[in-house]
Amino acid sequence: MPAEDADGSLVAISDLHVGYAENRALVEALRPASPRDWLIVAGDVGDTAADVEWALGLLAGRFDTVVWAPGNHELWTPQGDPVTLRGVARYQHLVRRCRELGVLTPEDPYPVWRGPGGPVLVAPLFLLYDYSWRPAGFDTREAALAEAYRTGIVCTDEFLLHPDPYPSRHEWCAARVAETARRLAERDPALPTVLVNHWPLVREPTRVLRYPIFAQWCGTEATADWHRRFDAAAVVYGHLHIPRTTWHDGVRFEEVSVGYPREWRPRGVPPGRVRQILPAPDGVPPTAW
Ligand SMILES: [Fe+2]
Ligand SMILES: [Fe+2]
């Protein structure tokens, strides 16, 4: 092992969408640079429980530690999936499978990265969204959703991501936000955090969405100050399929998605590369908002 690899890195990726054969091949080729690397997988691994288990199991066998936070696709109950669980029960099923694979989830004690750039608390979160990122002029959840239907930009979650036993996705989100804030408030305040959530914690990155009305399925106003409140050294997210680095209040936000083949193919950069979170890479462009 080369000396420079001895201490490893905390790296991240998301939106693997392994139902696509080309993306599956990217995961098969994904290997740590050092046996000490930790991998954050920030959701949207795949649509079926079997696909999620396949990818996380493969990666858990290669990386020292794998930390997973669910995306909306993991929480779908798609037709044809032998696992027909919905909502909370489906999430709990995936958490159980992760534990069997040795993958850390939002339900486990937050692990501490002690390699270069550490120590930091790595906190995988599962927060969902609550339709609070509405377009201007649409003051209620109902009005924003009606406008989405009128314009034909409706997230598939409306049909496949069931909130059971909660009455709605936004009420599930509220419960997750409350419980997660409580846990984060109880953390060791001496340690900075790396906050990992499939959906961005602040709204600004959604401003460049092709269809801004889609932002209502992308996060919640409730987390707007979490990167400051919970002392984030970095925030890792995906979901938007717009991979980039931005800075908010001096905190680095990394959108680490792979996305669909039709999205990554035209980019002309090698797809399926992990993003280095810690140690903080040199020369990260300070894209300020
Ligand atoms: Fe995705
Ligand atoms: Fe997503």
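Readers should treat all values here as calculations from the given coordinates under stated rules, not as data from a laboratory. Computed from a predicted model, the values in this text were never measured in an experiment. Ideal geometry is used to build each Cβ from the backbone, glycine not excepted, and the neighbour counts take in all protein chains shown.
Charged neighbours of Gly19, selected by a Cβ distance under 10 Å, balance to -1 (K, R count +1; D, E count -1).
In region 134-261, the DSSP beta bridges split such that about 40 percent are antiparallel, to the nearest 5.
May I ask for the percentage of alpha-carbon pairs in region 139-188 that lie more than 11 Å from each other?
Details: 926 of 1225 pairs.
When every Cα pair of region 139-188 is considered, 76 percent fall beyond 11 Å.
Working from Cα pairs under 8 Å separated by at least six residues, relative contact order for region 126-277 is 25 percent.
Tell me, how many Å apart are the Cα centres for region 151-174 and for region 65-88? Each part reduced to its Cα centre gives a spacing of 14 Å. Only helical runs count toward this figure. For the chain, summing -39,500 (n - 2.57) over DSSP H runs of n ≥ 4 and dividing by all residues gives -7500 deg cm²/dmol at 222 nm. On full extension, the segment bounded by Glu158 and Val269 gains 36.7 nm, given 0.36 nm per residue less the C-alpha separation.
Give me the Kirkwood hydrodynamic radius of the chain, using the inverse of the mean 1/r over all pairs of distinct Cα atoms, in Å to one decimal. Don't jump to the answer; show the numbers that get you there.
Values: mean 1/r = 0.0522 Å⁻¹.
This gives a value of 19.2 Å.
Remark: relative contact order (region 222-271) = 29 percent; criterion is Cα-Cα distance under 8 angstrom and separation of 6 or more residues.
Just want to confirm a number: the relative contact order over the chain, from Cα pairs under 8 angstrom separated by 6+ residues, in percent. Normalised by residue count, the contact order of the chain is 22 percent.
Per the Debye calculation on region 1-156 with a single equal scatterer at every Cα and no solvent contribution, log₁₀ I(q)/I(0) for q = 0.10 Å⁻¹ amounts to -0.44. Relative to the dominant Cα principal axis of the chain, helix 141-151 is inclined by about 90°. Given a Förster distance of 45 angstrom, what is the FRET efficiency for Thr151 paired with Val112, based on the Cβ-Cβ distance and rounded to 0.05? Computed FRET efficiency for Thr151 and Val112: 0.50. Could you check the simple spin-label distance between Glu221 and Arg187, using points 7 Å along Cα→Cβ, in nm with one decimal? Going from the Glu221 label point to the Arg187 one covers 2.5 nm. Note on the chain: GNM, Cα springs under 10 Å; of Val256, Val196, Val11, the largest mean-square fluctuation is that of Val11.
Summarised in one figure, the compactness ratio Rg/Rh of region 206-269, Cα atoms and Kirkwood Rh, is 1.00. Across the alpha-carbon atoms of region 80-215, the computed radius of gyration and Dmax are 17.4, 50 angstrom.
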